[in-house]
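The values are calculated or read from the model by the stated rules, or taken from the named source; none is laboratory data. Just so we're clear, the structure is a prediction, and the values are computed from it rather than from any experiment. Cβ sites come from the backbone with ideal geometry, for glycine too, and all protein chains shown count toward neighbours. SASA here: full protein model, heavy atoms, side chains in, ligands and nucleic acids out. Shrake-Rupley method; radii C 1.70, N 1.55, O 1.52, S 1.80 Å.
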Amino acid sequence: MNSPAAVSTPAQPPAASGVLDKTRLDLEWPRLVAAVGARCRGPLASRIELPVARTREGAVAALAETGEVLALLRSGETLPLDGIRELRTLLKRVARDGALTAPELRDVMRTLEAARALRRFLSARREMLGALQAACPLDPTLDRLHDELAAAIEPDGTLADHASPELRRLRTEVANLRARIVGRLEELLLKHADILQDRFYTLREGRYVVPVRRDAHERFSGIVHGTSASGASIFVEPRGLVAQGNRLKMAQGELEREEARILAELSELVKERLPELHAATDALDHADLRQASARLGVDLGAEVLPLAEGPLIELRAGRHPLLLLDGVDVVASDLHLEAGQGLVISGPNAGGKTVALKLLGLAALMQRAGLPVPAEEGSRCGFFAPVLTDVGDEQSIAKNLSTFSAHVTNLASILERSGEGAMVLLDELAGGTDPEEGAALAQALVDAFCRRGVALATTTHYEPLKAFAARDDRLRNASVGFDVDAMLPTFALHWDVPGASSALSVAARFGIPARVIQTAREMLPEHTRTFDELVRGLEAQRQKLAVAQAGVEGQRAAAKAAREEIEERLEAMRARGRKAVDDEAKRLRDQLREARNELKALRKRLKQEADAEALAAAKDRIDRAAELAERTAPALGPMVEAGEVLSQVAVGDRVFVPRLRTQAEVLEEGARGQVRVAAGALKLWVDREELRSVSERALTPAEKAALRAQRRPGSVATPPSPRPPAPETKDRPQHPGNTLDVRGLRVDDALAMTESFLDRLFGASEGTGYILHGMGSGALREAVRAHLAADTRYVARHRGGTTEEGGERLTVVTLR
């Protein structure tokens, strides 16, 4: 871990500590530290020390750790830090050979449980929390110490009976003696009820006694151990119980010695692991600190900023963290500052100049402390060391106004310590003295700081300093806005425009009579009035530009909304087109279903009627139904496996159309990236990006060769050469005309298509057919083959495919 809060490099002159303390107070750093402490879950909350890295490497590590935990919190998880106890005082006592009590040993045990839980959590998420895991080394051998303590300490913080056999024996003996004494006391209470003040017994100095009436104590034999507050009762230990009471006291003494011995042994175990325990408590505190820092980031809506390479800070829509914590509606500001340059902020009092100044300083320290900064994406902050301030806060009752001499003393110390890489923040530079001399001193100091490579930001009411910033390339003006009509500050920061102090306008707002204000305006020097009018003119021009920019932004937003509306309408039109295609596909499916049903009816009729006229009519109807099936089935076939997205297509290519679930042929290319395709009888326009290549696993060997030739760069796909006719004794080769694909269909639909397919082949005098049913569970294959075995009108024989033909994924049918 980095050393506790330090805002400068290690080498410090003896007189520098006052400047550093002033920096912390000026920026109200303790309030931010307290906000982090309030979000801690362990004992660190009561002694929070927010480390500020002394080196760039330390800042890099701190930011990485907080960034990891911030991402963890936003994912809905938290670090397991429950059960941590404060052990520092206990460990110091153990180091001096002191013994711990049973409750204190329980605290050690619970802290070890938290350490084990955190170690396992970080180990399981090492990829996400690698930086935090490296910063929180937790020795796994401490688990053994935890187990040894858990074996002797009960969860309620008492010694367990099984801590030692002697302890168990003594506790049993004490319990038995106490039970016998209590039993005897209850008998005596009944026997001597007439002389007892009340029917109860109690303990006095470790001895069991009963309350006897003062006037009857001589009638009750025993040892007096005291009287009641009223004196009406005398507490007497019955003489018959003295011997048993003595034995009980002796057993209790032995029990206490045994307990002390066990506690001493357990404390010695803790002492043996002191280095590991110190490391574990430090690691738990470190994890608690990082989670508290991340929780602050969540509450502020802040982000861990990238660490810029050099001393540079760039905040986009930055917001003051303390104002956010106070619930103030903060006006965001863009701020930019880097080494060797200066920012001169001007404008009315109470307009936000000091807020902007403090935001710069706090962001620089928060970056070194690993804290998220409330700023938008694109912000960044480098490593500034030291951060030196002389900031007055008129709104803080705890802040005393500095005299000019004290102010100059601070400036001298800051100038002595400042150098390249430092950030210097000065409120009302060289104020509180003669305006002309103060302005000259302010300009000289600004020049000196810039020459030293300091990143400087200062507020001012000096017009010469504003003019100096306007003509020096190292400096930039910025101003906080003031609404003259409303007589209120806007708190918005505007760049490259100096701001008018508006002292007379503010005075008028707070009740100074108008005549006095007018007299003051007339007494202003000419150059002051001229400068004020110039600044007001610039402010008016800036406001007009802001209004114009707002108009442009409004037009841009309107154009964006119109474009989105057009895109929505276009998508709706596409959706309607897709619905029309789906409706057409449904119509074709219905026609196909009707054709299949008609074929079934015709077959049944043919079996019953064999006259020539009926046969001719049936043949005509079968031909029409088969033609419809052939035209419709390709467009509505089973799902074909799709290939990759096509980068380009050409007329004649075979493609896969996901919305049709089948292959199609490209007919023509249209405008706006559309292509017209044909799938059987269905022709439609589709977007080019919808098309996919046809998976080769869904093609016949001939189709595969043609497709590969089509995909080969610079080549033209040609149909495969026809195979020589096979001998009559062999099956005819497979081609699209004699192949039926029923993959993915239900059994009834597949069998109906098989019947139509066989009718068509038989009518075309085809001798061989191929039915592609796939592997799957085998149910469809068996159903198809069973149907073929029962069909003696068309089928002569059937068999499974050979390896070259496709194996058992298809069945080869030889027709009669």
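Quick notes
- Taking each of 358/466; 22/358; 191/249 in turn, the alpha-carbon distance tops 22 angstrom for 191/249.
- Zone residues, the range 197-228, relative to residue 178, backbone N less than 19 Å from point 7 Å out along Cα-to-Cβ: 200-210
- Surrounding net charge for residue 257, when Lys and Arg each add one and Asp and Glu each subtract one, Cβ distance under 14 Å: -3
- Charge context of residue 383, other residues only, Cβ under 13 angstrom, K/R +1, D/E -1: 0
- In plain terms, the chain from residue 141 to residue 650 could stretch by 176.2 nm, reckoned as 0.36 nm per residue minus the Cα-Cα distance.
- Pairwise FRET efficiency - residue 597 versus residue 782, Cβ, R0 = 25 Å, nearest 0.05: 0.55
- Relative contact order for the range 192-262: 24 percent, from Cα pairs under 8 Å spaced at least 6 residues apart, divided by residue count.
- For the pair residue 126 and residue 518, a Förster radius of 51 Å applied to the C-beta separation gives a FRET efficiency near 0.10, rounded to the nearest 0.05.
- Divided by 2.2 N^0.38 Å, where N counts the residues, the Cα radius of gyration of the range 294-432 comes to 1.05.
- Stretch gain in nm, segment residue 317-residue 683, where the contour uses 0.36 nm per residue and the Cα spacing is subtracted: 126.1 nm
- Accessible-area composition of the range 344-465, carbon plus sulfur, in percent [1.4 Å probe]: 50
- Each label was represented as a point 7 Å from its Cα along the Cα-to-Cβ direction; for residue 303 and residue 437 these points are 5.0 nm apart.
- Surface per residue (accessible, 1.4 Å probe) for the range 190-294, Å²: 50
- Probe 1.4 Å, protein heavy atoms only - accessible area per residue of the range 116-178 in square angstrom: 53
- Computed label-point distance, nm, for sites residue 156 and residue 47 using a 7 Å Cα→Cβ extension: 3.1
- Rolling a 1.4 Å probe over the protein heavy atoms gives the range 19-88 an accessible area of 40 Å² per residue.
- Listed residues 431, 324, 349: farthest to the positive end of the dipole of the range 322-450 (Cβ charges): 324
- For the range 119-218, the carbon plus sulfur part of the accessible surface works out to 49%, probe radius 1.4 Å.
- Rolling a 1.4 Å probe across all protein chains gives residue 565 an accessible area of roughly 90 Å².
- What separates the Cα centres of the range 261-280 and the range 764-787 is a distance of 80 Å.
- At full extension, residue 496 and residue 472 could sit 7.4 nm farther apart than now, given 0.36 nm per residue minus the alpha carbon distance.
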